[in-house]
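The values are calculated or read from the model by the stated rules, or taken from the named source; none is laboratory data. Everything numeric in this text was worked out from a predicted model, so none of it was measured. Cβ placement follows ideal geometry from the backbone for every residue including glycine, while neighbour counts extend to all protein chains displayed. These accessible areas exclude ligands, DNA and RNA; they are computed on the full protein's heavy atoms, side chains included. Shrake-Rupley method; radii C 1.70, N 1.55, O 1.52, S 1.80 Å.
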Amino acid sequence: AVKEFLLSANTSPPGDHLQTVKQQVQDLQKSEAFFRAITQNSSDITIVVNTKGIVTYVNPSVEKVMGYKPEELLGKSGFDFIVPADMPRAFLDFGKSMLTRDVRIPNTFSLKHKNGSVRVLEGIGINLLYDPVVQGFVMNVRDVTDRRRMEQELAASRRKLEETVEKRTAALSLANTRLSAELAERKKAEAALAESEERYRDFLDNAPIGVAIVDLKGQVQYINKRIEHLMGWSHDEIVGKSGFSLDAFDERTRSLFAQRLKTPVKDDTPQIFEIPVQSKSGNRLWVEVIATPLKKDGIPAGARIIFVNLEERKRAEEERRELTERLHRAEKMESLGILAGGIAHELNNILGILVGYAEMVMMKMPDEEPLKKHMHNIIKSSERATSIIQDMQILAGRGVRVSKVIDLNHLLDNVFRT
């Protein structure tokens, strides 16, 4: 640069300008020394290559970053140090940069370190081939290997985190779906249970037998409508009261009832006994009591009491006896009917023969024959006997035989025509 400046200075006229020229040369030398000091001591690498990619200048920072001394790189192709994978892109970018001017071009390449490792350099390049002082493509780059590694590790960690979050989200979504399904099933089960409990309570409320529930202290927890109807006391007059103190029991019955309920049983077998009770109106009736133990978590908690009116039973037994007697009478009538049917069948056969022969005898008798009148009476009596036999057949359930006169000539005529 000083040489070029001096050449240009020789064209100027001598004289007063000599001192000025010397001063300018000194200033230029100082400026070059200043910029050289900056590039020589910069932490970044400054490298200049010509149009063929040959290194014409590189600052000392290259040794710290790449392990090469500047003199080991000067005169060599910069492409020899680029890893093969980045080589096509390096040629393409370098070719494009040759067509630019005063354009800062960002670039990133992986280069081979002297120790064999790979370093990633990132920086800015500018085409100064047209500059008579530089005459090269200048690149200022820095080592970003550690930063790139950290970025890659961070990206890998981010991907792993995203995968973990995605898996956890999917798991939570699946768990939420299962939970929703379980909640739906639980609601469905609760609704079914509530419906079942309602049907069960409705069944108990309207059962034809009296049902009550008492706790271990004998306090009434529940009664159904049958007990209200049977005893005459309302629900509010009994529930919540001590069952042993109700006016329905006399002292002897109350003592027996309490003793039976407090007596431990094996295998939860129901206790069955009969006691007299008195309704609110004063009517006395005998009931059969069936006491079934109730447990909560395996521990006795009360009893379910069933009252059966021995009177819904005596009436049923009487009705059953009446039905049995009616069945026996029907069976007897059926036996008589079978016997009457058999007898009627046999008598019918005999009368048929008797009437047949009597009619044949009358056909051969002249009208003036005195005996013809007696034969006529025989036939009439036979007809009355036939009527009696028909009544017996009706009794036997075999229906009534109907007789009518048939024109045999007409019947034969129809047969032959067909």
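Things worth noting here:
- Residue ID - modelled with the highest pLDDT, chosen from residues in the stretch 55-68 that are among the polar types (S, T, N, Q) and not in a helix (DSSP H, G or I): 56
- Hey, residue 258 modelled with pLDDT under 80 and either of a type in the set (Gly, Ala, Ser) or in a strand (DSSP E or B) (or both) or not: yes
- Some residue of the stretch 209-226 being modelled with pLDDT under 80 and surrounded by fewer than 15 Cβ atoms within 10 Å (Cβ to Cβ): yes
- Filtered residue count, the stretch 133-153, keeping only those that are open to solvent by less than 100 Å² (accessible area, probe 1.4 Å) and more than 17 Å from residue 104 (Cβ to Cβ): 6
- Scanning the stretch 196-208 for residues that are open to solvent by 100 Å² or more (accessible area, probe 1.4 Å) and among the charged types (D, E, K, R) yields a count of 4.
- Residue among 317, 325 that is open to solvent by 100 Å² or more (accessible area, probe 1.4 Å) and out of contact with any Cys (no Cβ under 8 Å at 6 or more places or on another chain): 325
- Counting only helices (runs of 4 or more DSSP H) that fall entirely inside the stretch 143-247 and contain at least 3 residues that are of a type in the set (A, V, I, L, M, F, W, C), the qualifying elements are 145-205, 225-231.
- Of all residue pairs spaced 6 or more apart or on separate chains, those with beta-carbon atoms under 8 Å, a first member in the stretch 271-297 that is farther than 15 Å from residue 216 by Cβ and a second member that is acidic (Asp, Glu) and open to solvent by less than 50 Å² (accessible area, probe 1.4 Å) are 272/288; 273/288; 274/288.
- Residues satisfying the stated conditions in the stretch 276-311, i.e. among the aliphatic types (A, V, I, L, M) and closer than 21 Å to residue 225 by Cβ: 277, 285, 287, 289, 290, 291, 294, 303, 305, 306, 308, 310
Condition check ((1) modelled with pLDDT of 90 or more; (2) of a type in the set (Asp, Glu)) across all residues:
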| position | (1), (2) |
| --- | --- |
| 26 | no, no |
| 70 | yes, no |
| 83 | yes, no |
| 92 | no, no |
| 102 | no, yes |
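- Looking only at the stretch 63-81, and only at residues there that are of a type in the set (Gly, Ala, Ser) and farther than 20 Å from residue 145 by Cβ, the one that is least open to solvent (accessible area, probe 1.4 Å): 77
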